[in-house]
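Participant: This is the structure, below, for whatever I ask next.
The values are calculated or read from the model by the stated rules, or taken from the named source; none is laboratory data. Keep in mind that this is a model prediction, so the values were computed, not measured. Methodologically, a virtual Cβ is constructed for each residue, glycine included, from the backbone with ideal geometry; neighbour enumeration extends over all protein chains shown.
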């Protein structure tokens, strides 16, 4: 809609663009730039990339990252497929469990649960000790890359589940009926008609999972796997210094692969909107289960549920356990670990501080950016949207490296401290990384507000500022709140950029503290306790965020009547 | 609803500013350290109790990262102390002129521990605890797998331990670097590397961080780990079913602390060093979660019965006289050699070593024995000679900064990545050939 582009909005556009350029574009460009510079002569060269591709270890790391990402997608699909089949094809009350399965894994970031998974599924973990004792064999769940694949698949399978269910539910009933008329039914029908039609949704979910697993630093680091791209880059930068060109080459490759994956997702979803489920329009016919089918269905669901809950159970046990060594379960239990972390509580304090500032800035920017993009006709306004969303494709590690590179030279005003070691730089990194979530929430909220409301206010001679303050923002409030909570909750468990930027213990947030606690013999208990707290924060945040959105949707439905 | 949300934001903002301002303190002390929280935290709490106007700000970085950090921030230094185990790390900083002289006046600390001087003779860094290297194991794991407790480095090369041991890499851990360098100096360059290759051939894993080793042993992931003594001793102290031993070829090396040049809080830094050396500070080292060897002999009277005492027990650390200057000169080179020959090609090395073990377990003909001997030589082969390794010009390829023109001349254009790629092909071929020969010997 073309409303007047007031000066204040143009200024806002300019300021936001500067912020994004300064804190997202320039660091990323500096990463690319450094990768193409010869360390000794300072001239442009591709020799660093040639060195990378000549080195067998790096090629191996590159392929391993690909392998792990693809296998995680496959394993996650294996969990998601039967569950989506049950939910969309049959009428049965287990669907509620499936829906909650779509939420529980996402609240525990893979690196937090990784240590606990190792205790449960490792070579001498609970499951394998049991298998070995009664059946004399072991399954290498957590050996080498398998451990990373397992942890990531458990965490990310809901992405695929949700997308698959949504796209299955959007399939037109007439497709199925035509196929049945021609004699197809059951699994055949599912395989040949339903699944292909749901491919776009699946591909979108799968590419998102691929992207996130490919970029993940925390999980391989905590599982001690370093022959993958992200941990290699981190280890090189921290062992050899921020001038090592290889770290930048790897960051560039990570960024390019992520961009490619995101582009594929965008292509798959072109023209489709999955954010709103149609009620009563599409969807396949559901039939009832007979008794044996019910047993099988519940059996599969409970089996998958146990696997998916394993990190949560393991983490809880570890946080309360005393010694857990080569045994099924901890030797004894205690509350000491929780006591310890509450006594040294600066991590929780820091996390709340950083994440609330970051989330606040995110929704502030989110409202402004969506307003400018949707309601004004300022030239190049889409730049704001694309740039902010591009933050999703920039791995946290690459952003961290870019910040170190770009901001090390600058000092804070009035002090000798370099900008890169000031705690606020962590806040900025969190802001940039979580902005896409807040932006999408604000976008969704704004598109549902009729522009006529604003035009009426304008006719009554309200200024742009008054319109925003008294009409737009209040109507968007539920979306803003949901965006704030999502940004906050996901910022709590961000590790990849944080680990590059944390320069000391006092400024460290929760996620970094979990990582550093897991580095001492007596620290696994407290580290696990911190992990449990992080999971609780994210869980509560996600729950309330969902409740607010649902409440709003219900309100809308009521209003339409 | 809006009013409530507004209030929420405002309160959050206020709280944040209050929280922020409360962390800004009058007296500060910035310590860059590789020590874990258990240790730095205990000293921080005790020191702050004694000096309530000083806040200790701990910056945790692994030894190599810490060195890098201090080098990179030197033009704009914000750190006061560097506090780490490895003396060769301090030598690197000393050579770069990044340390300031300070000799504490606190009494009761002898000149030597084992055969090693406690403090830097030039006065740039001070020893506050001693540490040696050895092996730790998990009792339950050894029992379950019928393995004996190891006692020497040679034990670690035996076939029974195949896939049951672990260690970190010298590039990732200052203490592991010292362990590797100690064996190289104790057994000689070529024999030492051969030992490392056969010890490495038994590894289940090379951990990404030094703590990964005691962690793996504690959780029962693998049975025996090569560790610095306090990892073993603190695990035992924390209640894990583990044990620890010093092998004969080990050295006792002090863990050190040094004041950084142009420190913003130099006086506080000196106070901290003094505190570490007082009887009260030394006693903190006996904490079951820490368990490092104090340098004050009198502190041992407060230690538990089984606690090792290097001042009474002469066998610990006398066998090797550690040359810290040599270690410093080839620091990065040794890191690169270990990584390229062992860490990155662990699977190839393991299959070669395992094939050799298998062949040796059979009754071999004389030809078979010859093949196995060849295979062993192939595994142990090095891509460079000891002279090259000790040549400072060659070692400089592995350094970031080139200080002198002649450094650049001799190996001009050789990038670290290039040299490493050459070594990589060398070892991969050798391991493959060794595997073939050993299999051939076994099949005869």
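Participant: Do you know which residues across the range B:49-77 are more than 9 Å from chain A (Cβ to nearest Cβ), touching a strand residue (DSSP E or B) at 6+ places or on another chain (Cβ under 6 Å) and surrounded by fewer than 21 Cβ atoms within 10 Å (Cβ to Cβ)?
Facilitator: B:53, B:54
Participant: Within the range A:318-346, restricting attention to residues that are modelled with pLDDT of 85 or more and assigned to a helix (DSSP H, G or I), which residue is nearest to residue A:127 (Cα to Cα)?
Facilitator: A:318
Participant: So which helices (runs of 4 or more DSSP H) stay within the range B:171-229 end to end and still have 1 or more residues that are touching a strand residue (DSSP E or B) at 6+ places or on another chain (Cβ under 7 Å), facing another protein chain (nearest Cβ under 9 Å) and buried (at least 24 other Cβ atoms within 10 Å of the Cβ)? It would help to see each step written out before you state the result.
Facilitator: Details: elements: B:174-187, B:189-200, B:212-219.
Ranges flagged: B:212-219.
Participant: Has the range B:241-262 got at least one residue that is over 24 Å from residue B:156 (Cα atoms) and over 24 Å from the mean Cα position of the chain (by Cα)? Steps first, please.
Facilitator: Filtering the range B:241-262 for residues over 24 Å from residue B:156 (Cα atoms) gives B:254-262.
From what's left, over 24 Å from the mean Cα position of the chain (by Cα): B:261-262.
For the range B:241-262, residues over 24 Å from residue B:156 (Cα atoms) and over 24 Å from the mean Cα position of the chain (by Cα): present.
Matching residues to (1) over 24 Å from the mean Cα position of the chain (by Cα); (2) outside any helix (DSSP H, G or I):
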{"site": "B:298", "(1), (2)": "yes, no"}
{"site": "B:311", "(1), (2)": "no, yes"}
{"site": "B:332", "(1), (2)": "no, no"}
{"site": "B:353", "(1), (2)": "yes, no"}
{"site": "B:370", "(1), (2)": "yes, no"}
{"site": "B:375", "(1), (2)": "yes, no"}
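Participant: Given the options A:236, A:191, name the one that is within 14 Å of another protein chain (Cβ to nearest Cβ) and either modelled with pLDDT of 90 or more or at negative phi (or both).
Facilitator: Numbers: A:191 fails: within 14 Å of another protein chain (Cβ to nearest Cβ).
Step by step, each of A:236, A:191 is checked, and only A:236 is within 14 Å of another protein chain (Cβ to nearest Cβ) and either modelled with pLDDT of 90 or more or at negative phi (or both).
Participant: Is at least one residue of the range A:488-502 buried (at least 20 other Cβ atoms within 10 Å of the Cβ), outside any helix (DSSP H, G or I) and within 13 Å of chain B (Cβ to nearest Cβ)?
Facilitator: Yes, that holds for at least one residue.
Participant: A further question follows. Residue A:484 passes all but one of (1) crowded, with 24+ Cβ neighbours inside 10 Å; (2) under 30 Å from residue A:313 (Cβ atoms); (3) modelled with pLDDT of 85 or more; which number fails?
Facilitator: If we test residue A:484 against (1) crowded, with 24+ Cβ neighbours inside 10 Å; (2) under 30 Å from residue A:313 (Cβ atoms); (3) modelled with pLDDT of 85 or more, just (2) comes out false.
Participant: Let me ask something additional. Considering the range B:293-308 alone, what residues qualify as being at pLDDT 85 or above and either crowded, with 17+ Cβ neighbours inside 10 Å or within 19 Å of residue B:231 (Cβ to Cβ) (or both)?
Facilitator: The first filter runs over the range B:293-308 and keeps only residues at pLDDT 85 or above, leaving B:293-303.
The answer is B:293, B:294, B:295, B:296, B:299, B:300, B:303.
Participant: To continue, here is another question. Which ones in the range A:503-521 are within 17 Å of residue A:357 (Cα to Cα) and either in a loop (DSSP other than H, G, I, E, B) or in contact with a strand residue (DSSP E or B) (Cβ under 8 Å, 6 or more places away or on another chain) (or both)? Talk me through it step by step, then tell me what you get.
Facilitator: Just the residues of the range A:503-521 that are within 17 Å of residue A:357 (Cα to Cα), to begin with: A:507-511.
The answer is A:507, A:508, A:509.
Participant: Within the range A:327-335, does at least one residue satisfy the condition of being at the interface with chain B (Cβ under 10 Å from one of its Cβ atoms), in contact with a strand residue (DSSP E or B) (Cβ under 8 Å, 6 or more places away or on another chain) and without any contact (Cβ under 8 Å) to a residue 24 or more places away in the chain?
Facilitator: Taking the range A:327-335 first, the residues at the interface with chain B (Cβ under 10 Å from one of its Cβ atoms) are A:327, A:331-332.
Restricting the remaining residues to those that are in contact with a strand residue (DSSP E or B) (Cβ under 8 Å, 6 or more places away or on another chain) gives A:331-332.
Now narrow it down to the ones that are without any contact (Cβ under 8 Å) to a residue 24 or more places away in the chain: A:331-332.
Yes.
Participant: OK, next. Consider residue A:34 carefully, then state whether it is crowded, with 20+ Cβ neighbours inside 10 Å and not assigned by TED's automatic domain parsing to the domain that holds residue A:194. Explain how you work it out, then say what you get.
Facilitator: On the way: crowded, with 20+ Cβ neighbours inside 10 Å: yes; not assigned by TED's automatic domain parsing to the domain that holds residue A:194: yes.
So residue A:34 fits the description; yes.
Participant: I'd like the full set of residues that are over 16 Å from residue B:310 (Cα atoms) and assigned to a helix (DSSP H, G or I), limited to the range B:230-249. Working first, answer last.
Facilitator: So in the range B:230-249, the residues over 16 Å from residue B:310 (Cα atoms) come out as B:231-232, B:234-243.
Within the range B:230-249, B:231, B:232, B:234, B:235, B:236, B:237 qualify.
Participant: In the range A:299-317, what residues are farther than 15 Å from residue A:126 by Cα and under 29 Å from the mean Cα position of the chain (by Cα)? Outline the logic, then answer.
Facilitator: Just the residues of the range A:299-317 that are farther than 15 Å from residue A:126 by Cα, to begin with: A:299-305, A:308.
The answer is A:300, A:301, A:302, A:303, A:304, A:305, A:308.
Residue-wise test of (1) without any contact (Cβ under 8 Å) to a residue 40 or more places away in the chain; (2) closer than 15 Å to residue B:213 by Cα.
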position: B:114; (1), (2): no, no
position: B:118; (1), (2): no, no
position: B:125; (1), (2): no, no
position: B:135; (1), (2): no, yes
position: B:146; (1), (2): yes, no
position: B:152; (1), (2): no, no
position: B:167; (1), (2): no, yes
position: B:170; (1), (2): no, yes
